[in-house]
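S.K.: Starting off with a structure, shown below.
The values are calculated or read from the model by the stated rules, or taken from the named source; none is laboratory data. For clarity, every value in this text was computed on a predicted model and none was experimentally measured. Please note: Cβ atoms are built from the backbone with ideal geometry, for glycine as well, and neighbour counts cover all protein chains shown. These area figures cover heavy atoms from the full protein model, side chains too; ligands, DNA and RNA do not enter into them. Shrake-Rupley method; radii C 1.70, N 1.55, O 1.52, S 1.80 Å.
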Amino acid sequence: MSGTASFVWEWEWEAPLGIALILLELGYVAVWVGSGMRRRCTRRAWALLAAFTGGLGAIVFALMSPIGANDERLLSMHMIEHDLLIWIVAPLLLMGALPLLQSVRPRRAPSRPLAIITHPALAWAISTVVLWAWHAPPLYGLALTNPIVHGVEHLWFVGGYLLYWWPLLAPPAAVGRLHSNVARVGYLLAGATQSALLGAVIMFRGSVIYSQYLHIPGATLSSALADQRLAGALMWFPGAVVFALAAALAIREGDTQSQEADADAAPGSVKCMPPGGPSVRVSNTM
């Protein structure tokens, strides 16, 4: 279409990434089967598997679908890609992995570096720096022109936001976990504020931030600016919905934990760990 960069309706299958994701899934399934959780807590075990597999599937959708095929042509598609990595992929992987690892090694003492890096203040700071640094024109432009740097960018987003979601989704006994509704909501508000601010900067900027998009065949100054405003809105508004939903779930989780605290001494109960949430006690008594 004249006056705008054309949209490519195709999937870009990347063999190295696909193989890595398949190996991750096979490794997870092996641990999942070996943990014995499937026999003890069938419903929760399948939920963990679904969460982790869904996270890997979201990576495929973000990076290999037409979203990924157009991320170097349209800033809005690149922003959707980032949104999926930080708001869908990272929490789903964490929800599936952490309770399973705790069930395999429930009494293993956490290392000091892990305890430090998952502290809520540091986790928030790292994720914030990752988000803003990779949207700064120098790094962003380098990612557009260098496939290796682009892949590193994706790893940083997933890793940085695994840290961000940790204090909210880690099991009750894990280091770094936030234990009160006030702390959870405040933490989510801090995360929502900085991502919304970045979205606003991109959306309301009067000039094209990333000049590379002006050199795409068919693009004009007006079309690049319009796409930039759309990209900022995609960072701002969907993120607000995600954070609001997470806050509602965090409050509900806190209420559930309070109810379960009264049942801790119940005889004959076995803990079944839901993905990223409080333990659920299943009574063995008739």
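S.K.: Can you tell me which condition Ala51 does not meet? The list is (1) in contact (Cβ under 8 Å) with a residue 24 or more places away in the chain; (2) under 27 Å from Trp132 (Cα atoms); (3) crowded, with 20+ Cβ neighbours inside 10 Å, and all the others hold.
M.R.: That leaves (2) as the condition not met.
Residue by residue, here is whether (1) under 20 Å from the mean Cα position of the chain (by Cα); (2) farther than 23 Å from Leu93 by Cβ; (3) not charged (D, E, K, R) holds:
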| position | (1), (2), (3) |
| --- | --- |
| Ser111 | no, no, yes |
| Trp132 | yes, no, yes |
| Pro137 | no, yes, yes |
| His154 | yes, no, yes |
| Leu162 | yes, no, yes |
| Ala174 | yes, no, yes |
| Tyr187 | yes, no, yes |
| Gly206 | no, yes, yes |
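S.K.: Report yes if some residue within the range 27-40 is open to solvent by 50 Å² or more (accessible area, probe 1.4 Å) and among the aromatic types (Phe, Trp, Tyr); otherwise report no.
M.R.: no
S.K.: Looking only at helices (runs of 4 or more DSSP H) that fall completely inside the range 86-165, which ones have 2 or more residues that are open to solvent by 50 Å² or more (accessible area, probe 1.4 Å) and closer than 30 Å to Leu214 by Cα?
M.R.: Output list reads 120-135, 137-145.
S.K.: Sticking with this one: More than 27 Å from Val60 (Cβ to Cβ) and in a helix (DSSP H, G or I): which single residue out of Ser222, Ser195, Ser207 fits that description?
M.R.: When all the criteria are applied, what remains is Ser222.
S.K.: I'd like the full set of residues that are of a type in the set (S, T, N, Q), under 24 Å from Gly141 (Cβ atoms) and open to solvent by 60 Å² or more (accessible area, probe 1.4 Å), limited to the range 175-198.
M.R.: Answer for the range 175-198, where residues must be of a type in the set (S, T, N, Q), under 24 Å from Gly141 (Cβ atoms) and open to solvent by 60 Å² or more (accessible area, probe 1.4 Å): there is none.
S.K.: Might you let me know whether the range 60-68 holds any residue that is crowded, with 24+ Cβ neighbours inside 10 Å, of a type in the set (Val, Ile, Thr) and at pLDDT 95 or above?
M.R.: no
S.K.: Then there's this: Take the range 199-225 and flag every residue that is farther than 17 Å from Tyr140 by Cα, in contact (Cβ under 8 Å) with a residue 60 or more places away in the chain and open to solvent by 30 Å² or more (accessible area, probe 1.4 Å).
M.R.: Across the range 199-225, the qualifying residues are Pro217, Gly218, Thr220, Ser222.
S.K.: Further question: Would you mind listing the helices (runs of 4 or more DSSP H) fully within the range 1-71 where at least 2 residues are of a type outside the set (S, T, N, Q), farther than 17 Å from His82 by Cα and more than 17 Å from the chain's Cα centre (by Cα)?
M.R.: The qualifying helices (runs of 4 or more DSSP H) are 15-34, 37-40, 42-64.
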